[in-house]
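Enquirer: Got a structure for you, written out below as structure tokens; questions coming shortly.
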Amino acid sequence: MIEKKIVGEKAVEFVKDGMTVGLGTGSTVYYTIIKLGQLMKEGLSIKGVPTSIQTEKLANECGIPLANINEIDYIDVAIDGADEVDPQLNLIKGGGGALLREKIIARAAKEFIVVADPAKIVNHLGAFPLPIEVVPFGVEMTNKQIRLLGAETTIRYSDGIPYRSDNGNYVIDAKFPNILDPISLEHKLNLIPGVVENGLFNQMADVVITLNAEKSIVIKNAHEK
Ligand code: 5RP
């Protein structure tokens, strides 16, 4: 999709020589990673910290050297996609199942840049089912607890068996009616035993790169809201 390519490639402007860069997961940040690989061939020097095994493979193919997250003090900039972005730049992420590593890496970054085609921009979060990573033990019980918060839920399957994240966990997709208070919901979900993390990324994005109705690039800055 051309929109994903435009916003994905624009994000490389936030990357400077010598930086450690969090590399997100998905079909939009794919274009960022490909472009970073091209720039490295022209002399850019960076290290990447991948948010998934899929992205680790892509970074290797692009010739981007990787840093071990346990051997660095911080990440200069993390770039990632989103499933939904609200006017406060709160996000739903995890459509690709990488939410836990994505959140660890976004939190470790001095600057978190989101690349989102216009279809991701919403007035209220919640049309997209919220991905929640849970441990396999007691998954049906954990599922019931999530439902008690008002969601319709499905345990994610892939090829006829429960989907497993890169961390070996299950993912429950939870369809809440409009999420009017994402900050409260993020906390309530993470208090349920069995929940490892959920895909609400509240007050984390510094910049969202998207397109307006005329297909021009728009840079939304959290600090200018
Ligand atoms: C993966 C994610 C992705 O960033 C999100 O699903 C958006 O993906 P895409 O850029 O393919 O639309 O959170 O876990």
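Enquirer: Report, ordered by chain and residue number, the lysines lying within cross-link reach of Lys144, taken as a straight Cα distance under 28 Å and ignoring same-chain residues fewer than 8 apart.
Expert: Lys93, Lys103, Lys175, Lys188
Enquirer: For the chain, what percent of Cα pairs sit more than 29 Å apart? Don't skip to the answer; put the middle values down first.
Expert: Working: 6351 of 25200 pairs.
Tail of P(r) above 29 Å: 25 percent of Cα pairs.
Enquirer: On to the next question. Using only Cα atoms, tell me the angle between helix 53-62 and the longest principal axis of the chain; keep it within 0 to 90° and round to the nearest 10.
Expert: 10 degrees
Enquirer: Moving on to the next point. In the range 9-27, which residues have a backbone nitrogen under 19 Å from the label point lying 7 Å from Ala67's Cα in the Cα-to-Cβ direction?
Expert: 12-25
Enquirer: At 7 Å along the Cα-to-beta-carbon direction for both Leu180 and Gln203, put a label point, then send me their distance in nm to one decimal.
Expert: 2.0 nm
Enquirer: Taking the Cβ of Glu56 as the center, what net charge do the other residues with Cβ under 15 Å away carry, scoring Lys and Arg +1 and Asp and Glu -1? Write out the running numbers ahead of the final one.
Expert: On the way: positive: Lys47, Lys57, Arg101; negative: Glu61, Asp80, Glu102, Asp166.
After counting each charged neighbour, the total is -1.
Enquirer: If you count only protein heavy atoms with a 1.4 Å probe, what accessible area per residue comes out for the range 130-197, rounded to a whole Å²? Could the numbers behind the result be given before it?
Expert: Details: 3740 Å² over 68 residues.
That works out to 55 Å² for each residue.
Enquirer: Quick one: helix 29-41 against the long Cα principal axis of the chain, what's the angle to the nearest 10°, folded into 0 to 90?
Expert: With rounding to tens, the tilt is 20 degrees.
Enquirer: Among the aspartates and glutamates, select those whose C-alpha is under 18 Å from the C-alpha of Lys47, and discard any that sit fewer than 8 residues away in the same chain.
Expert: Within the straight-line limit of under 18 Å, Lys47 reaches these aspartates and glutamates: Glu9, Glu13, Asp17, Glu56, Glu61, Glu71, Asp73, Asp76, Asp80, Glu102, Glu111.
Enquirer: In addition: Please give the length that would be gained between Glu224 and Lys110 if that part of the chain were fully extended, namely 0.36 nm times their separation in residues minus their C-alpha to C-alpha distance (nm, one decimal). List each step's numbers first, then the result.
Expert: On the way: separation 114, 0.36 × 114 = 41.04 nm, distance 1.72 nm.
Residue separation times 0.36 nm, minus the Cα-Cα distance, leaves 39.3 nm.
Enquirer: What full-extension length gain, to one decimal in nm, is calculated for Val139 and Lys57 as 0.36 nm per residue of separation minus the Cα-Cα distance? Write out the running numbers ahead of the final one.
Expert: Numbers: separation 82, 0.36 × 82 = 29.52 nm, distance 2.99 nm.
So the chain would gain 26.5 nm between Val139 and Lys57.
Enquirer: Quick one: helix 99-108 against the long Cα principal axis of the chain, what's the angle to the nearest 10°, folded into 0 to 90?
Expert: Between helix and principal axis, roughly 50 degrees.
Enquirer: Anyone know which of Tyr157, Tyr31, Tyr170 comes out most mobile in the 10 Å Cα GNM of the chain?
Expert: Its mean-square fluctuation being the largest, the pick is Tyr157.
Enquirer: Report the extension gain between Ser158 and Ser45 in nm, rounded to one decimal, defined as 0.36 nm multiplied by the number of residues separating them, less their alpha carbon distance. Working shown, then result.
Expert: Working: separation 113, 0.36 × 113 = 40.68 nm, distance 3.73 nm.
In short, 37.0 nm is gained.
Enquirer: Another question, if that's okay. What's the carbon and sulfur percent of the range 130-197's accessible surface, probe 1.4 angstrom, rounded to a whole number?
Expert: Answer for the range 130-197: carbon and sulfur cover 57 percent of the accessible area.
The values are calculated or read from the model by the stated rules, or taken from the named source; none is laboratory data. Predicted model only: the values in this text are computed from it and were never measured. FYI the Cβ positions are ideal-geometry reconstructions off the backbone, even for glycines, and counts take in every protein chain you see. Each accessible area value is taken on the protein alone, full model and side chains, heavy atoms only, with ligands, DNA and RNA left out. Shrake-Rupley method; radii C 1.70, N 1.55, O 1.52, S 1.80 Å.
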